[in-house]
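Here the structure comes first, spelled out in structure tokens, and everything after it is commentary.
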Amino acid sequence: MELRGLAAQGRYPDRVLEESAGVAVVTVRSRRGKRAESGADRGVAHERVHDRRQPGMCDLSGEKFEEAVQLVGVAPEGRRQLRRIGVVYRLDRPHLDLKPAPEALDPSEHAHGVPLREPLVEELDVAPHARLDASACIGELEREIRSACPRPAALLLGDREHAFDGPVLGELGDRGHGLSLRARAVGTLAAMADLQPFRAVRYAGAAGPLGNLVAPPYDAVTRDERARLYTRSLFNVVHLTLPESADEAGRLYREWLSEGILVREDEPAAWLLVEDYLGPNGVARDRRGVIVSVAVEPYETGSVLPHERTHPRIREERLRLLRATRVQPEPIFLLLDQPLEVEVPERLPDLEADGSRLWRLRDFDLSALARGGILIADGHHRYESALELGAELDASGARIMALLVSTKDPGLRVFPTHRVFSGRADLAELREGELCESLDDALRRLTSETFARSAAVAYRRGRVELLRGHEGQLDVELVDRHGLDGIAYTQQVADAVAAVEDREADVAFLLREPRVEDVFAVARRGERMPPKSTYFFPKPLSGLLFHPVEA
């Protein structure tokens, strides 16, 4: 038999599950006892691939069964048992609940569910668990599924080619299976990212001081700040990143180019970016990275890894804007899991604004950087929007501007994003942790907790608790089990506490700083963290450089 796919009859509200297929089986022997012509050397269960007595396999989609069939098993050691059942592509972290379809088997069936007379086949559907909020419990559900069935080392997960995270993947657990769901084979090694210098578009002197033209990225601009930036300059980049409409942004960008407000560099170059910043914890640092052009590839290639789930609505908004402007006004933020060997030039920077300094690097060798693992720290929606636009344009795809920062950079920090819940009477009265004397006592004890298990501080009026979760659980997963109703986010402990004390919120959950190695580990397992799990600060400014889509 051959597993052909899985299907979902339900969808999570945040569209965690976005693929669909069906479960089907194929016969292990034809009616006359002859081997099937296609895949005659394939085997199932625990038979050796060299055992020529094993039955053959073929795809009988649309054909009628002439005799009973039975799923014996899936070989768990695919590297020695090649051309077995294969899984390609992926589902986005579903919790699978297999259940029999309404169609029952023939009454005269074997005790193990194998029909003895009529060749009826039980169908299985994939459906979300009815009692669980998938958006809140996805991490816990993943661990529940993985722990349900022991399996060999899951190289599919390790290589980020995870089609299923449940009993099916538990049986596969390797990369030696043949293709079954897609027409494209899966490689065993991650593809290297395609990094290149590019001809940037930038503001000309006629636009005014660069400090009046740049802005934080679109998702870091408040409504009041947007209004101030709109009036700061007619040419401020926020007119393109947060426009009145996508069409208006496209018109403005083309107008600025034609009038010389924006100019195109004559030669391609990479850019060194040094950012001086004061973190949310009040400590001054500087961070260094290189801005390059990156070919946008599907996550399944492994060239660039995601670590957070995205929202379809935001992704579609960014895609509409990208279609209209055909330019990227700021880089996404990528982490490079290797040292970045680049020296700051002794000359003055070529561009400078709001603590950001840039130098052109015309002869910088990017080939060595492509060999390291690359993770999206910030910019998942923009990356996926560029991927969709590239598919619309032509077979060559699209490229995106990206800031590469080494995980070894001393100025790299990941700050926590605290959770604040309002309108949640159930959480206001909940008692779920160890009582602490004060907030300072709770935060001190939180910092001493091991990262082997999750931990957080729950702050309520008159009560502070230290929460401890399970081993292998992330801090955000410990909190997100409460769902997303009434949730708000802040990077400041003082703001979270004030919201509770001012009776604007019922409870505040204070988290530890995530570790970069943990974020990379999640991505390499092929998993996604909940939204707002990490806060890489500062985010690269919009308007320092522009990257045309055609570049």
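Look at the Cα gyration tensor of the stretch 402-450: its axes a ≥ b ≥ c give a/c of at least 1.5 with a/b at or below b/c, and that counts as oblate. The order of the peptides 220-227, 284-291, 414-421 by mean Cβ neighbours within 10 Å, most packed first, is 414-421, 284-291, 220-227.
Applying both filters, DSSP loop and at most 15 other Cβ atoms within 10 Å, to the GluC sites (Glu not before Pro) of the stretch 501-551 gives Glu504, Glu550.
Where a ≥ b ≥ c are the square roots of the eigenvalues of the C-alpha gyration tensor, would you call the stretch 393-551 rounded, which needs a/c under 1.5, or, failing that, prolate if a/b is larger than b/c, or oblate?
On the way: a/c = 2.18, a/b = 1.87, b/c = 1.17.
Prolate, because a/c is 1.5 or more and a/b exceeds b/c.
Near the amide H of Gly469, within less than 5 Å, lie the amide hydrogens of Ser454, Ala455, all on another chain or at least 5 residues away, with H placed in the peptide plane.
Under 8 Å for C-alpha pairs, at least 6 residues apart: give me the relative contact order for the stretch 417-512, rounded to a whole percent.
Numbers: 181 pairs, mean separation 43.4, N = 96.
Taking the mean separation of contacting Cα pairs over the length of the stretch 417-512, I get 45 percent.
Computed 3J(HN,Hα) for the stretch 497-512, one whole-Hz value per residue from the Karplus formula 6.51 cos²θ - 1.76 cosθ + 1.60 where θ = phi - 60°, is 5, 5, 4, 6, 5, 7, 6, 8, 9, 8, 7, 10, 9, 9, 10, 7, glycine and proline marked x. Checking every one of the GluC sites (Glu not before Pro) in the stretch 304-354 against DSSP loop status and a limit of 10 other Cβ atoms within 10 Å picks out Glu341, Glu343, Glu346.
Coordinate-derived values only; no laboratory data. Predicted model only: the values in this text are computed from it and were never measured. All Cβ positions, even for glycine, are placed from backbone atoms using ideal geometry, and neighbour counts span all protein chains on display.
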